[in-house]
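Here's the structure, in structure tokens; my notes come after.
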Amino acid sequence: MNYAEIKWYDIANGPGVRVSLFVSGCRRHCKNCFNSAAWDFHYGKPFDDSVQQQILDHLANDYIQGITLLGGEPFEAENQRELLPFLKKIKQQFPDKTIWAFSGNVWEEITSGNAHCEVTEELLSYLDVLVDGPFVQELYDISLRFRGSSNQRILDVQKSLQASCPVEWVDAPIYASHKL
């Protein structure tokens with residue numbers, strides 16, 4: 001797997017200060033995608049052990065709330081298979097850090113549709129929040145928090161898994177879990 005970019009101090013793609021990993025590869029090709037360069041699976045740099053260790057080292061900082069996966073498309077089967085062992089490491093080393101993911105696929109496509117593969121359930125077990133749905137230019141709304149168009153949902157992944165249907169995320173104070 002390749003990655004297009006890493007933002008080490010991102011405050012736009014989830015609550016608090018986060019590391020954002022933009023994976024390469026996406027077959028959706030949404031109109032007016034903000035990151036169309038990352039559609040190519042070969043774009044960017046290899047997501048190798050040294051890059052993964054850099055991210056883990058950065059996540060060790062107390063002021064980092066968690067990591068966000070974007071794309072490209074994290075839920076392309078190839079990317080899911082590569083991300084799974086990395087997410088396991090994150091949850092083992094940093095159980096209190098949150099893991100967010102953005103996908104152009106909706107929950108139903110991820111859990112039982114064309115974005116589902118043999119590792120999807122386990123991958124989802126490590127996620128806290130999923131912003132799902134394609135960007136739709138006609139539904140673009142700059143006032144929306146953590147999403148670009150009004151068709152996109154912000155889902156609590158663990159509650160959705162328990163309910164076997166999408167459950168909206170309830171926003172909590174940014175520093176609720178931060179020990180001062």
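The values are calculated or read from the model by the stated rules, or taken from the named source; none is laboratory data. Small disclaimer: the values here were computed from a predicted structure and weren't measured. In this analysis, Cβ positions are derived from the backbone assuming ideal geometry, glycine residues included, and neighbour counts consider all displayed protein chains. Please note that ligands, DNA and RNA were not included when accessible areas were found on the heavy atoms of the full protein model with its side chains. Shrake-Rupley method; radii C 1.70, N 1.55, O 1.52, S 1.80 Å.
Local charge sum around LEU83 (other residues, Cβ-Cβ under 13 Å, Lys/Arg +1, Asp/Glu -1)? Show your work: numbers first, answer last.
Working: positive: ARG81, LYS88, LYS89, LYS91; negative: GLU73, GLU76, GLU78, GLU82, GLU122.
That works out to -1.
What is the gain in length, in nm to one decimal, between SER164 and ASP141 on full extension, counting 0.36 nm per residue of separation less the C-alpha to C-alpha distance?
Details: separation 23, 0.36 × 23 = 8.28 nm, distance 2.90 nm.
This chain segment gains 5.4 nm when fully extended.
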Excluding ligands and nucleic acids, what accessible area in Å² is computed for HIS42 using a 1.4 Å probe, to the nearest 10? 150
Kindly sort TRP100, TRP169 by accessible area of their heavy atoms, largest first, with the probe set to 1.4 Å. TRP169, TRP100
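Kindly identify the range 28-73 as rounded, prolate or oblate by the Cα gyration tensor criterion: order the square roots of the eigenvalues as a ≥ b ≥ c, call it rounded if a/c is under 1.5, otherwise compare a/b with b/c, prolate if a/b is larger, else oblate.
On the way: a/c = 4.22, a/b = 1.75, b/c = 2.41.
Note, shape of the range 28-73 comes out oblate.
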Which residue, ILE11, ILE154, ILE90, has the most motion in a Gaussian network model of the chain that connects Cα atoms within less than 10 Å? ILE11
Suppose R0 equals 30 Å; then what is the FRET efficiency for HIS29 and ASP62 from their Cβ-Cβ distance, rounded to the nearest 0.05? 0.15
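Need one number: convex hull volume per residue for the range 41-101, Cα atoms only, in Å³. Each step should come with its number before you reach the end.
Working: hull volume 5.2 nm³, N = 61.
Convex hull volume per residue, Cα atoms: 85 Å³.
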State, as an integer percentage, the relative contact order of the range 132-171 based on alpha-carbon contacts under 8 Å between residues 6 or more apart. 32
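Once every DSSP H run of n ≥ 4 in the chain is given -39500 (n - 2.57) and the sum is divided by its residues, what mean residue ellipticity at 222 nm do you get, rounded to the nearest 500 deg cm²/dmol? Walk me through the numbers on the way to the answer.
Working: 5 runs with 47 residues, N = 180.
For the chain, the value works out to -7500 deg cm²/dmol.
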If you count, for each residue, the other Cβ atoms within 10 Å and average over each peptide, how do 78-87, 31-40 line up from highest to lowest? 78-87, 31-40
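Which net charge results for the neighbourhood of VAL167, defined as the other residues with beta-carbon distances under 14 angstrom from its beta-carbon, given Lys and Arg at +1 and Asp and Glu at -1?
On the way: positive: ARG153, LYS159; negative: GLU108, ASP128, ASP132, ASP156, GLU168, ASP171.
Local charge sum for VAL167: -4.
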What is the count of Lys pairs in the range 1-124 whose alpha carbons sit under 23 Å apart, if the two are 8 or more places apart or on different chains? 9
Quick check on the range 11-118: what does the Kirkwood estimate of hydrodynamic radius come out to from the alpha carbon pairs, in Å? 14.5
Given a 1.4 Å probe and every protein chain left where it sits, what share in percent of the accessible area of the chain is carbon and sulfur? 53
The range 1-93 - accessible surface per residue (Å², probe 1.4 Å): 46
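About the Cα centre of the range 1-148, how large is the charge dipole given +1 on each Lys and Arg Cβ and -1 on each Asp and Glu Cβ? Please answer in debye to the nearest 20.
Values: 13 positive and 21 negative charges, 57 e Å.
My answer is approximately 280 debye.
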